[in-house]
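In what follows, a structure is listed as structure tokens, so that the remarks can point back to it.
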Amino acid sequence: KNQVEQSPQSLIILEGKNCTLQCNYTVSPFSNLRWYKQDTGRGPVSLTIMTFSENTKSNGRYTATLDADTKQSSLHITASQLSDSASYICVVSATANAGKSTFGDGTTLTVKP
Amino acid sequence: DARVTQTPRHKVTEMGQEVTMRCQPILGHNTVFWYRQTMMQGLELLAYFRNRAPLDDSGMPKDRFSAEMPDATLATLKIQPSEPRDSAVYFCASGLETPSEAFFGQGTRLTVV
């Protein structure tokens, strides 16, 4: 069964600190992995998308890594800001166009002043 | 400003009533997705369309849910009859074929009482 597991479930950090969120998956075949940020009451917004051949991708202060051999991904947030408080969802797709996607349960990040 | 537009944003209805949710995908996107999000289940894919044709609706309860794309600018998700367990936030997303990321709308928060 295809699964995406995220850890930790929740995380509290102080503003300005760095943090790393983890995503392990068992989806096969593998097409791409996305990280989404979802603010409370809003729709998810894509941060990064990586295919099999990519192992690092950055979007501002967000850097995602992918190890397709171990089926692990991480999202690193640098110099956190209060606005980073959100749920971060890892999504792994078996097909190229986001169909047949398996969603993680998300990590809820709280950044405190 | 290209974005996915969903209406209504909020809907409260009585059990047994028909509910219709609408989505206007981003112009030019040929893939449309319907997702449901609850606290218990997280994000679940209900159905998706490519070039207006349904590709997969295996995640959707067939007896009461139906999804259609009358034209390229409108996708609808209907529930008839609605039940309290259908209470959730329903997201529409649109995208392109490979490589793809799905752009989400703001969601319709449905409450069935």
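The values are calculated or read from the model by the stated rules, or taken from the named source; none is laboratory data. Please read all numbers here as calculations on a predicted model, not as lab measurements. Backbone-built Cβ (ideal geometry, glycine too); neighbour counts: all protein chains shown. The area values use the complete protein model at the heavy-atom level, side chains included, leaving out ligands, DNA and RNA. Shrake-Rupley method; radii C 1.70, N 1.55, O 1.52, S 1.80 Å.
Please tell me the relative contact order of region A:55-113 in percent, rounded to the nearest whole number, where contacts are Cα pairs under 8 Å and at least six residues apart.
26 percent
I need to check one value: relative contact order of chain B, counting alpha carbon pairs closer than 8 Å and at least 6 residues apart, in percent.
Contact order relative to length: 37 percent.
Counting protein heavy atoms only and a 1.4 angstrom probe, how many square angstrom of accessible surface do chains A and B bury in total, to the nearest 100?
Protein heavy atoms only, the A-B interface buries about 1600 Å².
Compute the accessible area per residue over region A:1-105, keeping the other protein chains in place, probe 1.4 Å, unit Å².
Spelled out: the 1.4 Å probe surface of region A:1-105, per residue, equals 47 Å².
Could you tell me which GluC sites (Glu not before Pro) in region B:1-62 are loop residues by DSSP with no more than 13 other beta carbons within 10 angstrom of their beta carbon?
B:GLU14, B:GLU18
Would you please state the base-10 log of I(q)/I(0) at q = 0.15 1/Å for the protein assembly as shown, with intensities from the Debye formula using one equal scatterer on every alpha carbon?
Here the Debye-derived log intensity ratios amount to -0.99.
Identify the trypsin sites (Lys or Arg not before Pro) of region B:15-113 meeting these criteria: DSSP loop state and at most 15 other C-beta atoms within 10 Å of the C-beta.
Hits after loop and neighbour filter: B:ARG52, B:LYS62, B:ARG64.
Could you compute the longest span of chain A free of trypsin sites (Lys or Arg not before Pro) located in DSSP loops and having at most 16 other Cβ atoms within 10 Å, not counting the site residues?
After excluding every exposed loop site, the longest remaining stretch is A:62-113.
With every protein chain present, what is the per residue accessible area of chain B (1.4 Å probe, Å²)?
Counting only protein heavy atoms, the per-residue value for chain B is 52 Å².
Keeping all protein chains in the complex and leaving out DNA, RNA and ligands, what accessible area do you get for B:ASP71 with a 1.4 Å probe, in Å² to the nearest 10?
Looks like 60 Å² after rounding.
Given a 10 angstrom Cα cut-off, can you work out which residue in A:THR70, A:THR51, A:THR26 is the most mobile in a GNM of chain A?
A:THR70
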